[in-house]
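One structure below.
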Amino acid sequence: MSASNVVAATNPTNYDIYIIGEDGTQGVNGTTGTNGQPGSPGTDADCNWASECKRRSSPGADGGSGGPGGVAGRGATGNPAQPAVINISSLTGQVSIFSAGGKGGDGGFGGPGGAGGDGGDGGKASSCPAGSCPGSPGGNGADGGPGGQGGDGGPGGAGATSTITYTPANNTSKIVGGVASASGGEVGPGGPGGGGGKAGSPSGRGGQAGPSGPGGVNKGNDGTASTLNIFPTA
């Protein structure tokens with residue numbers, strides 16, 4: 001084995017041959033939270049033929065709270081590299097080979113929180129004299145739902161042991177190798193909070209936006225490193 005010809009690769013680009021696994025896919029994104037229902041409007045006041053208040057107004061109802069965003073899925077595990085056996089009968093020049101498992105998939109994005117429902121408008125005043133049938137206040141807008149949690153990263157794929165033999169055509173002919181441990185996937189971000197509902201008219205209070213969700217907890221573990229056994233033959 002040419003141990004000096006195999007290095008830990010920090011930037012695995014511009015190699016001639018790759019013995020690698022496919023990267024894991026990203027985790028599924030969280031679903032959007034359910035929007036809150038709007039508050040029903042209040043009843044308008046009314047007066048009778050004698051200008052007497054026969055029905056007083058009622059206030060608008062508050063909106064319903066937005067639902068929480070869904071939790072995102074974990075990234076998929078990177079695919080392992082497959083062991084290879086390569087024989088080169090006559091090598092002219094230099095060939096470089098890299099081997100590693102596939103990177104772990106990143107965690108999915110947390111789902112957005114649902115929007116808070118709008119407050120219903122308050123019932124209107126009647127035209128009775130002296131304000132005997134006043135209007136009522138509007139309902140409050142509801143708070144938006146919290147964002148969902150981001151997903152965890154997936155583990156990196158396992159490396160493989162591959163064997164390469166070659167016959168150099170001259171003293172400048174050689175094979176150099178690079179190996180690495182496939183990195184685990186990153187955690188996904190939390191989802192944004194849902195918007196607050198609008199205030200009902202008049203004098204209702206608007207809802208607050210929901211808090212953003214937390215990011216994923218665990219980054220994926222790195223995979224095991226590949227091994228390249230390189231044997232020049234006479």
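Could you check how many residues of segment 44-75 are among the hydrophobic types (A, V, I, L, M, F, W, C) and either out of contact with any Ser or Thr (no Cβ under 8 Å at 6 or more places or on another chain) or crowded, with 23+ Cβ neighbours inside 10 Å (or both)? I'd like the intermediate steps shown before the answer.
Of segment 44-75, the ones among the hydrophobic types (A, V, I, L, M, F, W, C) are 45, 47, 49-50, 53, 61, 71-72.
Then drop every residue that is not either out of contact with any Ser or Thr (no Cβ under 8 Å at 6 or more places or on another chain) or crowded, with 23+ Cβ neighbours inside 10 Å (or both), which leaves 49-50, 71-72.
Adding up the residues that qualify gives 4.
Within segment 16-24, is there a residue that is open to solvent by 60 Å² or more (accessible area, probe 1.4 Å), in contact (Cβ under 8 Å) with a residue 24 or more places away in the chain, more than 30 Å from residue 212 (Cα to Cα) and assigned to a loop (DSSP other than H, G, I, E, B)? First the steps, then the outcome.
Residues of segment 16-24 open to solvent by 60 Å² or more (accessible area, probe 1.4 Å): 16, 18, 20, 22-23.
Subsequent filtering for residues that are in contact (Cβ under 8 Å) with a residue 24 or more places away in the chain retains 16, 18, 20, 22-23.
Filter once more, keeping what is more than 30 Å from residue 212 (Cα to Cα): 16, 18, 20, 22.
The next check asks that each one be assigned to a loop (DSSP other than H, G, I, E, B); those that pass are 16, 22.
Yes, some residue in segment 16-24 is open to solvent by 60 Å² or more (accessible area, probe 1.4 Å), in contact (Cβ under 8 Å) with a residue 24 or more places away in the chain, more than 30 Å from residue 212 (Cα to Cα) and assigned to a loop (DSSP other than H, G, I, E, B).
Can you tell me which residue within segment 125-158, out of those that are surrounded by fewer than 24 Cβ atoms within 10 Å (Cβ to Cβ) and at pLDDT 95 or above, is farthest from residue 33 (Cα to Cα)?
Of everything passing the filter in segment 125-158, 158 is farthest from residue 33 (Cα to Cα).
Within segment 192-206, how many residues are surrounded by fewer than 24 Cβ atoms within 10 Å (Cβ to Cβ) and either under 23 Å from the mean Cα position of the chain (by Cα) or not in a loop (DSSP other than H, G, I, E, B) (or both)?
The initial filter retains those residues of segment 192-206 that are surrounded by fewer than 24 Cβ atoms within 10 Å (Cβ to Cβ), namely 192, 195, 198-199, 201-203, 205-206.
Applying the additional criterion that residues be either under 23 Å from the mean Cα position of the chain (by Cα) or not in a loop (DSSP other than H, G, I, E, B) (or both) yields 192, 195.
Residues that pass the stated criteria total 2.
Out of (1) part of a loop (DSSP other than H, G, I, E, B); (2) of a type in the set (A, V, I, L, M, F, W, C); (3) open to solvent by less than 70 Å² (accessible area, probe 1.4 Å), the odd one out for residue 209 is which?
Answer for residue 209: the failing condition is (3).
Could we say that residue 79 is among the polar types (S, T, N, Q), out of contact with any Phe, Trp or Tyr (no Cβ under 9 Å at 6 or more places or on another chain), buried (at least 18 other Cβ atoms within 10 Å of the Cβ) and under 22 Å from residue 223 (Cα atoms) here? Step through it out loud before you land on a result.
Values: among the polar types (S, T, N, Q): yes; out of contact with any Phe, Trp or Tyr (no Cβ under 9 Å at 6 or more places or on another chain): yes; buried (at least 18 other Cβ atoms within 10 Å of the Cβ): yes; under 22 Å from residue 223 (Cα atoms): yes.
Spelling it out, residue 79 is indeed among the polar types (S, T, N, Q), out of contact with any Phe, Trp or Tyr (no Cβ under 9 Å at 6 or more places or on another chain), buried (at least 18 other Cβ atoms within 10 Å of the Cβ) and under 22 Å from residue 223 (Cα atoms).
Please go through (1) of a type in the set (Gly, Ala, Ser); (2) at pLDDT below 95; (3) surrounded by fewer than 19 Cβ atoms within 10 Å (Cβ to Cβ) for residue 84 and return the number of the only condition it doesn't satisfy.
Here residue 84 clears every test but (2).
With the condition kept exactly as written, say whether any residue in segment 97-104 is touching a helix residue (DSSP H, G or I) at 6+ places or on another chain (Cβ under 8 Å) and either aliphatic (A, V, I, L, M) or surrounded by 24 or more Cβ atoms within 10 Å (Cβ to Cβ) (or both).
Within segment 97-104, none of the residues are touching a helix residue (DSSP H, G or I) at 6+ places or on another chain (Cβ under 8 Å) and either aliphatic (A, V, I, L, M) or surrounded by 24 or more Cβ atoms within 10 Å (Cβ to Cβ) (or both).
Within segment 168-189, how many residues are within 17 Å of residue 8 (Cβ to Cβ) and open to solvent by 10 Å² or more (accessible area, probe 1.4 Å)?
Result for segment 168-189: 5.
Does residue 165 satisfy the criteria of being open to solvent by 40 Å² or more (accessible area, probe 1.4 Å) and either of a type in the set (A, V, I, L, M) or more than 27 Å from residue 145 (Cβ to Cβ) (or both)?
Values: open to solvent by 40 Å² or more (accessible area, probe 1.4 Å): no; either of a type in the set (A, V, I, L, M) or more than 27 Å from residue 145 (Cβ to Cβ) (or both): yes.
Against the criterion (open to solvent by 40 Å² or more (accessible area, probe 1.4 Å) and either of a type in the set (A, V, I, L, M) or more than 27 Å from residue 145 (Cβ to Cβ) (or both)), residue 165 does not qualify.
The values are calculated or read from the model by the stated rules, or taken from the named source; none is laboratory data. Values in this document were obtained by computation on a predicted structure and should not be read as measured data. Cβ atoms come from the backbone with ideal geometry, glycine included; neighbour counts cover every protein chain shown. The accessibility values were calculated without ligands, DNA or RNA, using every heavy atom of the protein model including side chains. Shrake-Rupley method; radii C 1.70, N 1.55, O 1.52, S 1.80 Å.
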